[in-house]
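Worksheet for the structure shown next.
The values are calculated or read from the model by the stated rules, or taken from the named source; none is laboratory data. Note that this is a predicted model, so its numbers are computed, not measured. Using ideal geometry, Cβ is built from the backbone for each residue, glycine included, and neighbour counts are taken over all protein chains shown.
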């Protein structure tokens, strides 16, 4: 029987388990698109995803998702809410809809009149905010009164 011992230090031994340095073969897109037995060919045949002529565009799907969220959460003008999960930002929904003045902000927004003003980015107090529906939580939260715990003098 023959015994072999590798006397090289651990860092000098080849690591046959590490495949990160092995070049990977990638099928060119032009050839993949011609294959008839691929997932792409199956999606085309089934008219799934981007191959569905009746599928909404990405922008339409975004708008539909925002509208669904508004409906599912029961967001309506006049309802009490809190914004961003913070109990310090309570208020009343004053507007639900598109706000064209917000750059790149197409789709539904929720306008909330806050109970207490908050500091804006420029350091000025803001008494209202426009937020996306996912940041609004409808509930029966009473108006916060910062002075309620102060004793009378």
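Of everything in the stretch 65-90 that is at pLDDT 90 or above and at positive phi, the residue that is surrounded by the fewest Cβ atoms within 10 Å (Cβ to Cβ) is 78. Screening the stretch 82-97 for residues that are touching a helix residue (DSSP H, G or I) at 6+ places or on another chain (Cβ under 9 Å) and assigned to a strand (DSSP E or B) and picking the one that is nearest to residue 65 (Cα to Cα) gives 96. Give the stretch 56-76 a look and list any residue that's in contact with a helix residue (DSSP H, G or I) (Cβ under 7 Å, 6 or more places away or on another chain) and part of a helix (DSSP H, G or I), or say none. Across the stretch 56-76, the qualifying residues are 66, 69, 70, 73. For the stretch 35-55, what are the residues that are loosely packed, with under 11 Cβ neighbours inside 10 Å, more than 27 Å from the chain's Cα centre (by Cα) and not in a loop (DSSP other than H, G, I, E, B)? Matches in the stretch 35-55: 39, 45, 46.
Please determine whether any residue of the stretch 111-133 is more than 30 Å from residue 29 (Cα to Cα), surrounded by 10 or more Cβ atoms within 10 Å (Cβ to Cβ), touching a residue at least 60 places away in the same chain (Cβ under 8 Å) and touching a helix residue (DSSP H, G or I) at 6+ places or on another chain (Cβ under 9 Å).
Filtering the stretch 111-133 down to residues more than 30 Å from residue 29 (Cα to Cα) leaves 111-133.
Pick out the ones that are also surrounded by 10 or more Cβ atoms within 10 Å (Cβ to Cβ) and you get 111-118, 120, 125-133.
In the following step, the residues that additionally are touching a residue at least 60 places away in the same chain (Cβ under 8 Å) were identified as 132-133.
Of the ones still in play, those that are also touching a helix residue (DSSP H, G or I) at 6+ places or on another chain (Cβ under 9 Å) are 132-133.
Yes: the stretch 111-133 contains one or more residues that are more than 30 Å from residue 29 (Cα to Cα), surrounded by 10 or more Cβ atoms within 10 Å (Cβ to Cβ), touching a residue at least 60 places away in the same chain (Cβ under 8 Å) and touching a helix residue (DSSP H, G or I) at 6+ places or on another chain (Cβ under 9 Å).
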